[in-house]
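Student: Pasting a structure below so you can have a look.
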Ligand code: LLP
């Protein structure tokens, strides 16, 4: 459910007309709804309430805008971060360090130093050499690093190959068969305190079975680790629950169904559970608002050329992802066309031969479900400035990332002496 609805024939984000935002900020622009973010945060929390007092750490990579993070901080959410940049953003948004977990296969010594000095809740360590480096860095600082190993359970997540992470051929986590040895190593290293287990098998999961299988393996491992003398207080079950993108495809399991599965799968674990949802919290809370530049008849099909492009929303070209297309002022008429941006690549295509509302030049188009992995994956390809972002709350709205002047982009380059 989201808060993008027609009011008097014009698409609004909560109480604010998207025509108003387009007129004042220009297009393309991302628009987020506070009410949708908060509603999803609450629904997810309620679904997991029967598990006790879980730490819900929003996966910052899904939407790192500081205003979005601050909204989630207000909901008591922590943060799952994968870089120094994300850690600093989460802190700047008011997320307390003791609600931050640090994931990722390539943490550097500098990033470990920063996280140790901040005093984060947990490092999800993804390999034995990473444990050794973290031990050395913690000793150098005279600190103790609380750790979990991220286990690679070798399950098939059943999602797009580029966002599957829990198969044995993937770079993520410690191989399940080596887990006991990894924990033995960590327990012998100074500067580390082993406190938990972590798993995350992929994103946009539309079936609970792979998650259930992965959690079953984590449960068995917890028992084996305790039998081997390790004390475990936390189990981080990652993120990954999918959201509806294409109305023609069956909806993914609800947060309530996910919560019920978690309750069942974690019976008797006797740990504090942790979760790292990203997409589920913010995807439906955002749209990419764009203006039609012109409609062009190709040899084989009609093209609607919009002012957003693959650099603004990469998901269709990277994963063949579907984003629903809505008109800001629908006429009731329809058309079938291919929707493309101005970038000079055939991959700059949002939808191919899509049956959708009718569009003419200058009209406003919305790509739905763009609040997760949208603005955050934008680039400046074709020397297009990064997309601005707007946050709506009721009938208030604010620019939460300004449109970058193209001069700033150009000024970031410098000329070497021999060209100056
Ligand atoms: N935890 C870890 C360790 C992760 O790697 C991820 C996502 C999450 C949590 C959050 O997963 P979520 O709940 O959002 O599914 N750019 C891709 C998605 C990449 C996901 C990467 N990891 C896309 O646009 O579909």
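Student: For segment 34-280, give the share of DSSP beta bridges that are antiparallel, in percent and rounded to the nearest 5; count only bridges with both residues there.
Tutor: Expressed as a percentage, antiparallel bridges in segment 34-280 total about 5.
Student: Once the Cα atoms of helix 34-48 and of the chain are each reduced to a long axis, what angle between those two axes, in degrees from 0 to 90 to the nearest 10, is obtained?
Tutor: Roughly 30 degrees between the two axes.
Student: Also: What is the projected area of the convex hull of the Cα atoms of the chain, averaged over all directions, in nm²?
Tutor: Dividing the Cα hull surface by four gives the mean projection, 23.0 nm².
Student: Using a 10 angstrom cutoff on alpha carbons, build the Gaussian network for the chain and name the most mobile of 146, 64, 50.
Tutor: In the Gaussian network model the winner is 50.
Student: Roughly what angle does helix 109-118 make with the longest principal axis of the chain, taking Cα atoms, 0 to 90 degrees, to the nearest 10?
Tutor: Taking Cα atoms only, the helix is inclined about 80 degrees.
Student: Please give the helix 209-227 orientation as an angle from the longest Cα principal axis of the chain, in degrees from 0 to 90, rounded to the nearest 10.
Tutor: For helix 209-227, the angle is close to 20 degrees.
Student: Moving on to the next point. If I stretch the segment between residue 352 and residue 246 completely, what's the gain in nm (0.36 nm per residue apart, minus their alpha carbon distance), one decimal?
Tutor: Stretched fully, the residue 352-residue 246 segment lengthens by 36.8 nm.
Student: Principal axis extents for segment 220-316, Cα atoms only, whole Å, descending order, please.
Tutor: 69, 26, 25
FYI, it's all coordinate maths here, none of it is from the lab. Computed from a prediction, not measured in an experiment: that's the story for all the values here.
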